[in-house]
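**Q** Structure in C-alpha coordinates, see below.
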Amino acid sequence: QVRLVESGGGLVQTGGSLRLSCELSGRSFSRYLMGWFRQAPGKEREFVTAIDWISSRTENADSVKGRFTMSRDSATNTVYLQMNNLKPEDTAVYYCAASEFTTFQIEPRAYHYWGQGTQVTVSS
(Lines give C-alpha, C1' and ligand atoms only; values in the text may rest on other atoms or scores of the structure.)
Protein backbone atom coordinates (compact mmCIF):
# COMPACT_ATOMS: atom_id res chain seq x y z
CA GLN A 1 0.00 0.00 0.00
CA VAL A 2 1.29 3.44 -0.95
CA ARG A 3 1.17 5.82 1.98
CA LEU A 4 1.89 9.52 2.34
CA VAL A 5 1.87 10.91 5.88
CA GLU A 6 2.01 14.65 6.46
CA SER A 7 2.94 16.73 9.46
CA GLY A 8 3.84 20.30 10.35
CA GLY A 9 0.59 22.21 9.92
CA GLY A 10 -0.63 24.66 12.50
CA LEU A 11 -1.46 28.24 13.35
CA VAL A 12 0.95 31.04 12.47
CA GLN A 13 0.79 34.82 12.34
CA THR A 14 1.04 36.81 9.14
CA GLY A 15 4.67 36.99 8.04
CA GLY A 16 5.63 33.82 9.86
CA SER A 17 6.98 30.53 8.56
CA LEU A 18 6.08 26.85 8.64
CA ARG A 19 7.66 23.72 7.22
CA LEU A 20 5.43 20.86 6.15
CA SER A 21 6.76 17.31 5.85
CA CYS A 22 5.42 14.31 3.98
CA GLU A 23 6.93 10.87 4.56
CA LEU A 24 6.53 8.37 1.73
CA SER A 25 6.25 4.60 2.16
CA GLY A 26 4.97 1.45 0.47
CA ARG A 27 7.07 1.56 -2.66
CA SER A 28 9.94 3.43 -4.24
CA PHE A 29 9.06 6.97 -5.28
CA SER A 30 12.30 7.60 -7.10
CA ARG A 31 10.49 7.69 -10.46
CA TYR A 32 7.48 9.68 -9.27
CA LEU A 33 6.56 13.32 -9.63
CA MET A 34 5.77 14.79 -6.20
CA GLY A 35 3.52 17.76 -5.61
CA TRP A 36 1.91 19.96 -2.99
CA PHE A 37 -1.66 21.21 -3.34
CA ARG A 38 -3.93 23.27 -1.13
CA GLN A 39 -7.67 23.68 -0.75
CA ALA A 40 -9.56 26.40 1.10
CA PRO A 41 -13.22 25.99 2.13
CA GLY A 42 -15.54 26.39 -0.84
CA LYS A 43 -12.69 26.44 -3.35
CA GLU A 44 -11.17 23.90 -5.70
CA ARG A 45 -7.90 22.18 -4.97
CA GLU A 46 -5.02 24.38 -6.15
CA PHE A 47 -1.56 23.49 -7.37
CA VAL A 48 1.26 24.90 -5.25
CA THR A 49 4.52 23.29 -6.31
CA ALA A 50 6.01 20.05 -7.67
CA ILE A 51 9.39 18.36 -7.78
CA ASP A 52 11.04 15.78 -10.00
CA TRP A 53 12.46 13.23 -7.57
CA ILE A 54 15.57 12.32 -9.53
CA SER A 55 16.68 15.74 -10.71
CA SER A 56 15.15 17.77 -7.82
CA ARG A 57 13.93 20.30 -10.38
CA THR A 58 10.94 22.23 -9.06
CA GLU A 59 8.02 24.13 -10.57
CA ASN A 60 6.05 26.67 -8.56
CA ALA A 61 2.72 28.41 -8.85
CA ASP A 62 3.04 32.15 -9.42
CA SER A 63 1.20 32.85 -6.17
CA VAL A 64 3.96 31.31 -4.05
CA LYS A 65 7.13 32.08 -6.00
CA GLY A 66 9.73 33.65 -3.76
CA ARG A 67 7.93 32.48 -0.61
CA PHE A 68 7.52 28.69 -0.79
CA THR A 69 10.23 26.14 -1.51
CA MET A 70 9.81 22.41 -2.11
CA SER A 71 12.59 19.93 -1.50
CA ARG A 72 13.14 16.21 -1.03
CA ASP A 73 15.40 13.96 1.02
CA SER A 74 16.08 10.68 -0.75
CA ALA A 75 17.63 9.08 2.34
CA THR A 76 14.40 9.37 4.33
CA ASN A 77 11.87 9.38 1.47
CA THR A 78 10.52 12.68 2.69
CA VAL A 79 9.38 15.78 0.84
CA TYR A 80 9.12 19.20 2.41
CA LEU A 81 7.33 22.46 1.82
CA GLN A 82 9.06 25.44 3.41
CA MET A 83 6.60 28.32 3.64
CA ASN A 84 7.89 31.80 4.42
CA ASN A 85 6.20 35.20 4.65
CA LEU A 86 2.84 33.56 5.12
CA LYS A 87 -0.32 35.50 4.36
CA PRO A 88 -3.96 34.98 5.43
CA GLU A 89 -4.69 33.97 1.82
CA ASP A 90 -2.44 30.93 2.35
CA THR A 91 -4.90 29.48 4.87
CA ALA A 92 -5.98 26.07 3.55
CA VAL A 93 -5.63 22.34 3.95
CA TYR A 94 -2.33 21.35 2.35
CA TYR A 95 -1.91 17.97 0.65
CA CYS A 96 1.12 16.15 -0.65
CA ALA A 97 0.62 13.92 -3.66
CA ALA A 98 2.49 11.56 -5.98
CA SER A 99 2.02 11.10 -9.70
CA GLU A 100 3.09 8.08 -11.72
CA PHE A 101 3.77 10.43 -14.61
CA THR A 102 7.33 11.67 -14.97
CA THR A 103 6.50 14.88 -16.81
CA PHE A 104 5.43 18.03 -15.02
CA GLN A 105 1.73 18.04 -13.97
CA ILE A 106 -0.37 20.73 -12.31
CA GLU A 107 -3.84 19.15 -12.37
CA PRO A 108 -4.93 17.24 -9.24
CA ARG A 109 -6.39 14.43 -11.34
CA ALA A 110 -2.91 13.68 -12.69
CA TYR A 111 -1.76 12.64 -9.22
CA HIS A 112 -2.48 9.07 -8.13
CA TYR A 113 -1.67 9.04 -4.41
CA TRP A 114 -2.54 11.57 -1.74
CA GLY A 115 -1.76 12.34 1.86
CA GLN A 116 -4.41 13.02 4.47
CA GLY A 117 -3.91 16.77 4.44
CA THR A 118 -2.74 19.13 7.15
CA GLN A 119 -4.37 22.40 8.17
CA VAL A 120 -2.44 25.65 7.85
CA THR A 121 -4.07 28.73 9.35
CA VAL A 122 -2.51 32.19 9.02
CA SER A 123 -3.96 34.81 11.33
CA SER A 124 -4.09 38.53 10.59
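The values are calculated or read from the model by the stated rules, or taken from the named source; none is laboratory data. As the structure is a prediction and not an experimental result, all values here were calculated from the model. The accessibility values were calculated without ligands, DNA or RNA, using every heavy atom of the protein model including side chains. Shrake-Rupley method; radii C 1.70, N 1.55, O 1.52, S 1.80 Å.
**Q** Hey, any idea what % of the chain's accessible area is carbon plus sulfur with a 1.4 Å probe?
**A** Here carbon and sulfur together make up 45 percent of the probe-accessible area.
**Q** Moving on. In Å², what does the accessible area per residue of the chain work out to with a 1.4 Å probe?
**A** Accessible area per residue: 53 Å².
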